[in-house]
Amino acid sequence: MKVVISNVQRFCLKDGPGIRTTVFFKGCNLRCPWCCNPENIKFDIENYEYKEEKGVYGYEISLDDLEKEILKDKEYYENDGGVTFSGGECLLQFNKIEPLLINLKEKGINICVETALTVPTETVDIAMKYVDEFIVDIKILDEKSEHKVNGNVTLYKENVKKLFDNNSKVIFRIPLVPEYTMTKENMKEIIKFLEQYKAEKVEIFKIHRLGEKKYKTLGKEMQEFLEVSNNEIEEMIGKIEDLGIKAEYCNI
């Protein structure tokens with residue numbers, strides 16, 4: 001079995017507890033205009049040519065070789081570290097990589113995922129057997145606006161309920177995008193949602209433009225967005241903490 005990934009990034013400190021090795025899978029079913037990894041939206045390997053530069057986004061790797069790459073950093077995992085699967089949407093690949101997940105758990109490797117959780121419920125069932133921590137995005141919960149990111153609020157909420165019913169460890173992560181996630185209607189839905197699902201922690205972050213060049217290599221333009229003020233960040237943290245949930249700004 002082979003999968004397509006774009007990168008194995010080592011010594012990551014913001015992708016879960018401890019020192020992490022983060023594996024970025026290609027392929028995502030959402031279309032968030034602020035995405036900072038546009039090279040991971042398509043599932044296929046992509047060749048590009050930009051100005052004088054030629055390159056490739058993605059490569060095939062066997063599960064055995066991917067396990068070897070992950071285990072190269074095993075000495076860093078002993079103090080709460082481990083492997084984090086990201087993307088794209090990594091959970092869309094979990095039916096393929098279950099043998100790898102089994103091997104990692106047998107070796108005592110902590111597994112974390114970064115996910116938008118808008119995935120088939122059977123995929124979540126697989127993940128719950130192996131994943132130690134879920135970092136789950138909260139994006140658009142206003143059903144009238146879910147189409148803006150190709151979302152499915154009903155499916156998302158069903159999957160969140162699964163995680164909490166299973167007593168899975170969950171951290172929510174909210175991208176602050178004035179035109180999308182921070183609308184009055186969506187903020188109302190987010191607060192109502194957090195009242196029901198009190199995660200261990202909620203991280204909020206401002207989107208950035210570090211992926212702008214990657215958009216250009218793919219023949220696209222990254223959308224411009226309004227700036228989020230420090231007052232808005234503090235207000236958001238206050239609203240979450242008023243619910244009795246730990247909240248922090250995360251510079252990612």
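What follows draws every value from the coordinates through simple rules; no lab data is involved. None of the values given here were measured: they were computed from a predicted structure.
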Radius, Kirkwood style, for the range 127-238 when every pair of distinct Cα atoms is counted (Å): 15.5
Over the chain, equivalent-ellipsoid semi-axes from the Cα gyration tensor in Å: 28, 24, 17
Over the chain: helical MRE at 222 nm, DSSP H runs n ≥ 4 each giving -39500 (n - 2.57), nearest 500: -9000 deg cm²/dmol
Pairs of alpha carbons in the range 72-126 whose separation is greater than 12 Å (percent): 67
Candidates 232, 203, 52, ranked by Gaussian network fluctuation over the chain, Cα under 10 Å, top entry: 52
Average Cα contact separation per residue, the range 1-42, under 8 Å, 6 or more apart, as relative contact order %: 35
